[in-house]
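Structure first, commentary second.
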């Protein structure tokens with residue numbers, strides 16, 4: 001969406017707005033060169049030269065994403081100092097927002113109107129970065145008193161026409177030069193163009209009717225030369241060679257064969273000499289090798305016997321190490337079983353020496369005795385209550401019997417409490 005909006009703004013400004021930033025960047029680079037930017041900034045900070053479109057867009061970034069923004073801040077601080085205002089050079093790890101705010105504040109101090117947000121400069125590339133650096137470069141050039149003058153173009157002569165020479169075309173002058181060069185080598189093949197011209201003109205005059213009076217030229221020589229120069233490029237003598245012609249291929253084959261023969265004669269002598277040197281060197285190496293073998297024969301035998309003893313010792317070591325490995329495994333198993341037995345003994349010992357179960361049993365017995373005592377008391381209370389109820393009922397029955405004169409040995413009524 002941001003790209004669509006930017007594209008819409010560029011279309012509103014005009015068809016060339018998208019390419020205006022490239023022009024500004026190229027002008028900026030020229031102004032920096034005038035201010036001796038390469039020696040005062042690039043050489044001081046050990047930086048590479050800027051390309052023509054370095055600050056145009058982000059594809060010109062290096063492996064470090066902050067390199068382009070750092071280059072922008074360095075150049076901006078240098079231009080501000082050149083323009084006459086003190087400005088501390090920013091470091092690579094400074095806060096970007098603070099650095100951009102300081103640069104825009106100095107730009108406003110020069111009277112430049114800033115109508116874009118500071119976030120446009122944080123990327124280190126784009127239209128606004130080029131605009132800020134260009135205005136700062138203008139202020140620096142004013143400070144140093146430098147102004148660009150309008151170019152003075154030389155006056156063009158419309159009568160003069162440049163003649164473009166073609167290597168594949170032979171002009172009349174070239175033909176004359178080649179004929180003059182051939183005349184030095186072979187006098188029989190000399191062909192004078194002037195004589196040829198005179199001969200052709202003489203034959204034409206003889207064929208035509210002879211005039212009564214002497215002919216005199218009325219054409220100006222300068223105009224004639226100009227006409228000749230104008231028509232000269234159209235007079236072409238083209239020599240075309242057919243690459244498919246078998247004669248050309250045969251000639252090339254003969255030339256290559258002659259070249260190979262001449263090169264082979266020269267190379268064969270070097271190769272023969274090299275072969276002799278290699279043969280002598282091989283003989284020396286073989287004789288030296290035989291001498292060294294003879295001198296070191298007893299040492300070689302001692303080395304072989306020592307190597308045999310070493311192999312026997314290694315075999316015995318492997319056998320012994322195999323027995324040690326087996327015994328180590330058995331020892332590990334026995335140690336594991338011993339650890340298990342120790343753990344079981346510790347658990348049983350801790351359970352035997354622990355008095356917590358006995359204490360719990362005693363507490364349970366004490367509680368049980370208390371409950372038995374309480375139960376006995378309750379039983380006594382119940383028995384006493386029951387006895388009182390029996391006595392009361394018995395007294396009530398006696399009173400009733402006395403009242404009704406019922407004999408004492410009579411059976412009690414049904415439902416009475418026995």
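Quick note: the coordinates plus some simple rules give every number you see, no bench work behind them. The shown structure was predicted, so the numbers you read here are calculated from the model rather than taken from an experiment. Because the Cβ atoms are built from the backbone with ideal geometry, glycine has one as well, and the counts that use them run over all protein chains shown.
May I ask you to sort 122, 31 by Cβ crowding, counting other Cβ atoms within 10 Å and putting the fewest first?
122, 31
For residue 335 and residue 43, calculate 0.36 nm times their separation in residues minus their Cα-Cα distance, and state this gained length in nm to one decimal.
97.6 nm
How would segment 72-120 be classified by its alpha-carbon gyration tensor: rounded, prolate or oblate, with rounded meaning a/c under 1.5 and the a/b versus b/c comparison settling the rest?
Verdict is oblate for segment 72-120.
Across all directions of projection, what mean area in square nanometres is found for the Cα convex hull of segment 14-144?
Averaged projected hull area, Cα only: 7.9 nm².
Relative to the present Cα-Cα distance, how much length would full extension add between residue 362 and residue 149 at 0.36 nm per residue of separation?
64.8 nm
How far, in nm, would the chain grow between residue 298 and residue 235 when pulled straight, counting 0.36 nm per residue and subtracting the alpha carbon separation?
Between residue 298 and residue 235, full extension yields an extra 13.3 nm.
What's the exposure ranking of 341, 114, going from fewest to most Cβ atoms within 10 Å?
In increasing order of surrounding Cβ atoms, one gets 341, 114.
Ranked highest first by the average count of other Cβ atoms within 10 Å around their residues, in what order do 72-83, 312-323 fall?
With the highest mean Cβ count within 10 Å placed first, the list reads 72-83, 312-323.
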